[in-house]
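Participant: Supplied in structure tokens, the structure appears directly below.
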Amino acid sequence: MVEGRVCLSKEVRNELELLKRKRLHRIKSETVCGPSGVTNMMSRSGGDALRAPASCGVRLQGNAESFSRSNVASCEKDVFSKRKVDKFYTSDLEWTEKIPECPVYCPTKEEFEDPLVYFQKIAPEASKYGICKIISPLSATVPAGAVLMKEKAGFKFTTRVQPLRLAEWDTDDRVTFFMSGRNYTFRDFEKMANKVFSRRYYSAGCLPATYMEKEFWHEIACGKMESVEYACDVEGSAFSSSPSDLLGTSKWNLKKLSRLPKSTLRLLETAIPGVTDPMLYIGMLFSIFAWHVEDHYLYSINYHHCGASKTWYGVPGHSALRFEKVVKEHVYTNDVLSVDGEDGAFDVLLGKTTLFPPNILLEHDVPVYKAVQNPGEFVITFPRAYHAGFSHGFNCGEAVNFAIGDWFPLGAVACLRYAHLNRVPLLPHEELLCKEAMLLNSSLELEDLDYSPADLASHHSIKASFVKLIRFLHRARWSIMKSRACTSVSLNYHRTVVCTLCKRDCYIAFVNCSCYSHHVCLRHDIKSLDFPCGSHHCLFLRDDVGEMEAAAKKFEQDNAISKAVERQAENGDDMYSYPLSNKFQNDVEDGYFPYCEINVDLKPEIATMTSATGQTVEYGHNSLSHNTGNFRPELTDALSSFAASTLCSFVEQVGSSAKNVRSISLPAEYLSVRPPHFVLLCLRLYFSC
């Protein structure tokens, strides 16, 4: 079976490219002393609060300990000087010995064959801890340094400067990371980092992890080091391409992970650095990765290539809201929260510069677990698990995100929270879910398939999430058609688009305006929309929506799925309907029931709409209908005219030109064709214009 792949719209591809440019070149547009608020564009681990060095003249001279502050005096507070923060009690560090270790797994070479199969096996136990460690039975025969210096000629990277202190996290005092302005080769950074370590400890060897943990928190609170450097989100990989490297040729090579058969991210055509493609993380003594959760609540996997150990702290995903509540009430002050409610801390944490000792979590009954990662070991973080940590000295790690079937319910929660904050998503969640569900539906039609218990659990998550989405969209379309909020219906050729109001991704259906520039998802009150281009709205709908609804009905024949959907309806925890959650409470009284026939009765009066090519398309008395089992809309004169003009506009955009396009009146042969043939007829129509 050939796998379907997500084909993102031009708009979404542009958003992703913009995200990438913002992450890699943010230093060109921001200043040291500027506000550190969180922006509306999703960002990876560099954080939204990253600042550039240029405006205050801050550059790194020599090493991290000699970071110059001569030109930063104009800032309201010295961003590097330590101060006592009473809310964080660091005088007694005995709490470091009270944090339990996370699970450690030592797979055999046979178990190590497929990473995603192994993750499914250990997830029921390991996910309870938020993080776990896996000791690889295979070793890399080509060292990371050799890969980066020889296989990747000219490899260099820029570091970030991290103030090594605690903050009050109020209006005047919060932590900000800076670009150092220096480019390093791998060996140059290693020499600098080792020099810093040997000057402090008069040693070139590793020191005990328990000792280094106490050293770190003492240094953060009241030590003399002002800052450290960290090269994070460096595009590239240190896995060797040599055929003799056993680890590099295995499926545990992080460059291969996102494209494995069980990986949901295999359906993405557009690569996303750090998500589908790995990134490097090159640290020194006390380099920090601040408290954060992965984008879209994805899994993450981190491999330690070489160097000193890292200490990790992890909070299980089931305690994420408790974690955020403690941060909101005991770390942040109200004046740094941009929104009220439970999303307030989540929003600031997305900046990825928040660090505080985990003892404050223990004091408020939030579970925390610890891992000490050494070279040759993987650390896995599970969906929605907050984590943080630091390096014990020079090291090089590599990380990438991944998703398997059990991720979809938590991915839906992340999409909901991004919508609350009006943040552009990084992934087309709806399209990934539909693609995965339809592939699963096709595979279930094959006989004699032997699924493991882990596979069946993954299938349950996909089915339940898909049914909830399809039910919501069917109910929303029924409401739109009943209210006659749209003047026309057209086939959706746009694939995934982003809602201009709440930034949710739309794959199956969306509403557009007269000028085609306001994509709106079905979670809004369409009748109340007020765009400058007018009040005429068109519903864009995929032509295979009937097949999707048939698949959803088939999934609901499983009692476990139907019960999961019933529980969701009873609890009112529909992740897919916000911000229209309360609009459908009286639908049953109005005659709605799941998968009922939708009669598409458009407004009887003549309406006009200006297409993208500037022509006027007339709409007359239109009535479209379909049943959920086999959706193939009868295309009336109005709909045919609209789709033909849309197709002409599309052909123009890809290089052709439609000259002197006129208002089109179609002959009868065009009025009742099925969608596949309709496209061909529209092409014939275009070339006759």
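Participant: Quick one: which of 461, 490, 465 is small (Gly, Ala, Ser), in contact with a helix residue (DSSP H, G or I) (Cβ under 8 Å, 6 or more places away or on another chain) and not in a helix (DSSP H, G or I)?
Facilitator: Working: 461 fails: not in a helix (DSSP H, G or I); 465 fails: not in a helix (DSSP H, G or I).
It is 490.
Participant: Going through the range 104-118 one residue at a time, which ones are under 15 Å from residue 452 (Cα atoms) and not aromatic (Phe, Trp, Tyr)?
Facilitator: Scanning the range 104-118 gives 111, 114, 116, 117.
Participant: Collect the residues in the range 143-159 that are open to solvent by less than 20 Å² (accessible area, probe 1.4 Å) and more than 20 Å from residue 240 (Cβ to Cβ), keeping them in residue-number order.
Facilitator: Start the filter on the range 143-159 by keeping residues that are open to solvent by less than 20 Å² (accessible area, probe 1.4 Å), which leaves 144-145, 147-148, 157, 159.
Residue satisfying the conditions is 159 alone.
Participant: Shifting gears a bit: Of the residues that make up the range 513-521, is at least one modelled with pLDDT under 85 and open to solvent by less than 30 Å² (accessible area, probe 1.4 Å)?
Facilitator: Checked the range 513-521: at least one residue is modelled with pLDDT under 85 and open to solvent by less than 30 Å² (accessible area, probe 1.4 Å).
Participant: Mind checking which pairs have a first residue in the range 182-199 that is assigned by the TED database to the domain that holds residue 308 and more than 18 Å from residue 147 (Cβ to Cβ) and a second that is of a type in the set (Lys, Arg) and assigned to a loop (DSSP other than H, G, I, E, B), Cβ under 8 Å, 6 or more apart or different chains?
Facilitator: 182/59; 183/156
Participant: Going through 98, 82, 128, 87 one at a time, which residue ends up being outside the structural domain of residue 220 (by the TED database) and either open to solvent by 60 Å² or more (accessible area, probe 1.4 Å) or modelled with pLDDT of 95 or more (or both)?
Facilitator: On the way: 98 fails: outside the structural domain of residue 220 (by the TED database); 82 fails: either open to solvent by 60 Å² or more (accessible area, probe 1.4 Å) or modelled with pLDDT of 95 or more (or both); 128 fails: outside the structural domain of residue 220 (by the TED database).
Unique residue meeting the criteria: 87.
Participant: Among the residues of the range 204-246, what is the count of those that are open to solvent by 10 Å² or more (accessible area, probe 1.4 Å), touching a Leu at 6+ places or on another chain (Cβ under 7 Å) and part of a strand (DSSP E or B)?
Facilitator: Residues that pass the stated criteria total 1.
Participant: For the range 101-125, enumerate the residues that are within 19 Å of residue 254 (Cβ to Cβ), in a loop (DSSP other than H, G, I, E, B) and either in contact with a helix residue (DSSP H, G or I) (Cβ under 7 Å, 6 or more places away or on another chain) or open to solvent by less than 80 Å² (accessible area, probe 1.4 Å) (or both).
Facilitator: Quick first cut of the range 101-125, residues within 19 Å of residue 254 (Cβ to Cβ) only: 105, 107, 109, 111-120, 122-123.
The next check asks that each one be in a loop (DSSP other than H, G, I, E, B); those that pass are 107, 109, 111-114.
Those that are within 19 Å of residue 254 (Cβ to Cβ), in a loop (DSSP other than H, G, I, E, B) and either in contact with a helix residue (DSSP H, G or I) (Cβ under 7 Å, 6 or more places away or on another chain) or open to solvent by less than 80 Å² (accessible area, probe 1.4 Å) (or both): 107, 111, 112, 114.
Participant: So, in the range 445-458, exactly how many residues are out of contact with any Asp or Glu (no Cβ under 8 Å at 6 or more places or on another chain), in contact (Cβ under 8 Å) with a residue 12 or more places away in the chain and assigned to a helix (DSSP H, G or I)?
Facilitator: Qualifying residue count for the region: 2.
The values are calculated or read from the model by the stated rules, or taken from the named source; none is laboratory data. The model shown is predicted, which means the values in this text are computed figures rather than measured ones. All Cβ positions, even for glycine, are placed from backbone atoms using ideal geometry, and neighbour counts span all protein chains on display. To get the accessible areas, we keep the full protein, side chains included, count just its heavy atoms, and leave off ligands, DNA and RNA. Shrake-Rupley method; radii C 1.70, N 1.55, O 1.52, S 1.80 Å.
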